[in-house]
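What follows draws every value from the coordinates through simple rules; no lab data is involved. Predicted model, so just to flag it, every value in this text is computed and none were measured. Because the Cβ atoms are built from the backbone with ideal geometry, glycine has one as well, and the counts that use them run over all protein chains shown.
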Amino acid sequence: MIVVEKAKKSVASNSKDKDSGFRKGDFVVYPTHGVGKILGVETQEVSGHSLQLIIIHFEKDRMTLRVPVAKAKNSGLRKLSSRKVMDAALQTLKGRSRVKRAMWSRRAQEYEAKINSGDPVSIAEVVRDLHRNADQPDQSYSERQIYQAALDRLVRELAAIDGIDEQSAHQRLHQVLKAVAA
């Protein structure tokens, strides 16, 4: 009887967490994976404990992620950025590149950390710093990989915020980057 009461208490406390603001159909950002869509919130039994999980599907990666509701905030799961934050990110793209003189391995780690932070302004800094125009020297393989990862993250969030397809969001970002070069 005691075990049943404990289970009821944990379900009751988790039902409050369910009201964390994440709803089925919402787009969210998980820092290490980018933009995903919430498929729902469900209760699953794990090792004898009842657990509320937010199910997030990442279409581009063909991946489904289950995040405990209680750990959602600590994991960095967040709603899409506001229009104001995205405008700040686009403004960052218009700024001058700030490439440090540190070794590439150190800069690459810093760029990866910025991408995995999930912050659009930080991701825009990576895109701005690694963007190359036609008249500039080619990038190394690892530079291209990091640039592409940052660009993809920014494109997905911009597309979700504006309600446009990724190709249109990609074109919009390239127009911003081209305008800086001109």
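General observations
- Only the Cβ atoms of Lys and Arg (+1) and of Asp and Glu (-1) were treated as charged; on that basis the dipole of the chain about its Cα centre amounts to roughly 480 debye.
- Debye intensity ratio I(q)/I(0), log10, the range 70-111, q values 0.19, 0.27, 0.29 Å⁻¹ (C-alpha model): -0.85, -0.88, -0.91
- For the range 83-181, fraction of C-alpha pairs farther apart than 22 Å, in %: 23 percent
- Relative to the dominant Cα principal axis of the chain, helix 104-117 is inclined by about 40°.
- Gaussian network model of the chain, Cα within-10 Å springs - most flexible of H49, H170, H33: H49
- Among V41, T92, A160 - extreme Cα towards positive end, dipole of the chain, charges at beta-carbon: T92
- Residue-averaged [θ]222 nm for the chain, counting only DSSP H segments that reach four residues, each worth -39500 (n - 2.57): -16500 deg cm²/dmol
- Using alpha-carbon coordinates, inclination of helix 166-181 to the longest axis of the chain, degrees: 40 degrees
- Compared with the dominant principal axis of the Cα atoms in the chain, helix 120-130 is inclined by about 30°.
- In the elastic network of the chain, a GNM with C-alpha springs shorter than 10 Å, the most mobile of V28, V69, V85 is V85.
- Net length gained if the chain between R144 and K60 were fully extended (0.36 nm per residue, minus Cα distance): 28.3 nm
- 15 Å beta-carbon shell around A149, net charge (K/R +1, D/E -1): -3
- Max mean-square fluctuation residue, GNM over the chain, Cα-Cα springs under 10 Å, options K60, K79, K100: K100
- For the range 26-182, the relative contact order works out to 23 percent when only alpha carbon pairs closer than 8 Å and six or more residues apart are counted.
- Cα centre as origin, Lys/Arg/Asp/Glu Cβ charges: the range 83-181 dipole, Debye: 420 debye
- Gained length - Q109 relative to R23, 0.36 nm times residue gap less alpha-carbon distance: 27.6 nm
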